[in-house]
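The values are calculated or read from the model by the stated rules, or taken from the named source; none is laboratory data. Just so we're clear, the structure is a prediction, and the values are computed from it rather than from any experiment. Here the Cβ positions follow ideal geometry from the backbone for every residue, glycine too, while neighbour counts run over all protein chains shown.
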Amino acid sequence: MTVQAILDELARLSSIRVIPLNTSPAPERFTAKKARLNSEDARRMAFITRQYARNVKHSSAVLVFANNRFTLTIVPLLLMLARRHHKRFYLKPVGGSLDLYLVAQGKLLRNYLLSILRAVDGVLAQTRQLQSALIQMGCTNTHYVPGCRPAPQALPPRSGNPAEPRLIFLSLIHRQKGALILLEALGLLAREHSLRVSCDFYGPILEDREEFLRQLEVTPGSHYCGVVQPEAATAVIAAHDVLVLPTYYATEGHPGAIIEAMQAGVPVISTRHRAIPELITDGENGLLVPVQDSRALAEAIKRIALDFSLRERMGQANFHRGQEFRPDVVVPQMLDIIFR
């Protein structure tokens, strides 16, 4: 979604001509994890290299969006081709976990990857946490350029019953994203506090399908609503009162759903995990709880569910904060780094 938002914004600028090369695999190949390269990956990498070699000579600068494995396998070759044609080369890591990936490698491979990162003209980190970690590793060419999402120009109208808040979980249905923790918290609220709130779960079920559906069935007010198309996410979130994302996903960066909730003017309950406190200030535009703590999560939901004025204040604060992640704000920052 960030890549498409950036491309759409660049298309509006008459001074910029973009030559996009789509390197994404087919959607049906998406899985939570994939351990190693296969023959289809090799064919795709060969196709990318051929397309890139034909187009790089006609460019002023190269910007590569790359996941961690792509950075290891093909970025060195793309960088070499760019240097052959004396082109500037910028890398934007996908997500915020490149530092963890580097630390997990053996010393020789880690030093090789760091040498590649230091050789590019700039690394555009999605989170300040990643920027700081890479600078500490000697990549002083790292800049903070956040992800972005198309945003409404005005605060979307609120609807529904203020006394009966609607929660939304929008992410991968995955243990580390906190879906099961949220169901536990909702069960606690119903059993111990007689507080029933509705919660709609959206997202592809990638892990623990049977356990998730079983727990969903016995948790009052909880519903699985399927998958939301990326372009509709902000509108779907805006139809709810609170986004709840109790993630402890190992490689979490800036979750797109949190940015979309900010732009929809919806408060967020999340965790003090990785770079999430960069987005949510506890008590200001949302609430933060410890990871894997269903009781603390239940207390946070109870607090925000019973206080309509708190929800309104946090939602308005979120909307104003979310303007930082609009494409027309982020793209000029990026272009200033690339072409200064």
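Closer than 25 Å to E192 by Cα and surrounded by fewer than 24 Cβ atoms within 10 Å (Cβ to Cβ): does that describe V244? Here the answer is no, as V244 does not meet what is asked. Restricted to the stretch 91-107, and to residues there that are within 12 Å of N67 (Cα to Cα) and not in a helix (DSSP H, G or I), the residue that is nearest to the chain's Cα centre (by Cα) is G95. The sole residue among R118, R149, R110 that is assigned to a loop (DSSP other than H, G, I, E, B) and among the basic types (K, R) is R149. Could you please find all residues in the stretch 206-224 being surrounded by 14 or more Cβ atoms within 10 Å (Cβ to Cβ) and at pLDDT 95 or above? Matches in the stretch 206-224: F212, Q215, L216, T219, S222, Y224.
Scoring Q292 on the criteria (1) buried (at least 24 other Cβ atoms within 10 Å of the Cβ); (2) outside any helix (DSSP H, G or I); (3) over 18 Å from the mean Cα position of the chain (by Cα) leaves a single failure, condition (1). Of all the listed residues (D293, D328, D336), the sole one being farther than 25 Å from K92 by Cβ and among the acidic types (D, E) is D293.
Among the residues of the stretch 1-17, the one identified as within 21 Å of the chain's Cα centre (by Cα) and part of a loop (DSSP other than H, G, I, E, B) is M1. Of the residues in the stretch 167-180, at least one is in contact with an Asp or Glu (Cβ under 9 Å, 6 or more places away or on another chain), surrounded by fewer than 22 Cβ atoms within 10 Å (Cβ to Cβ), more than 29 Å from L124 (Cα to Cα) and not polar (S, T, N, Q). Screening H86 with (1) surrounded by fewer than 17 Cβ atoms within 10 Å (Cβ to Cβ); (2) over 27 Å from the mean Cα position of the chain (by Cα); (3) within 30 Å of S132 (Cβ to Cβ) gives one miss only, at (3).
Residues in the stretch 190-205 that are at pLDDT 95 or above and crowded, with 18+ Cβ neighbours inside 10 Å: C199, D200, F201, Y202, G203.
Among residues of the stretch 252-300 being in contact with a helix residue (DSSP H, G or I) (Cβ under 6 Å, 6 or more places away or on another chain) and of a type in the set (V, I, T), the one that is nearest to V329 (Cα to Cα) is I259.
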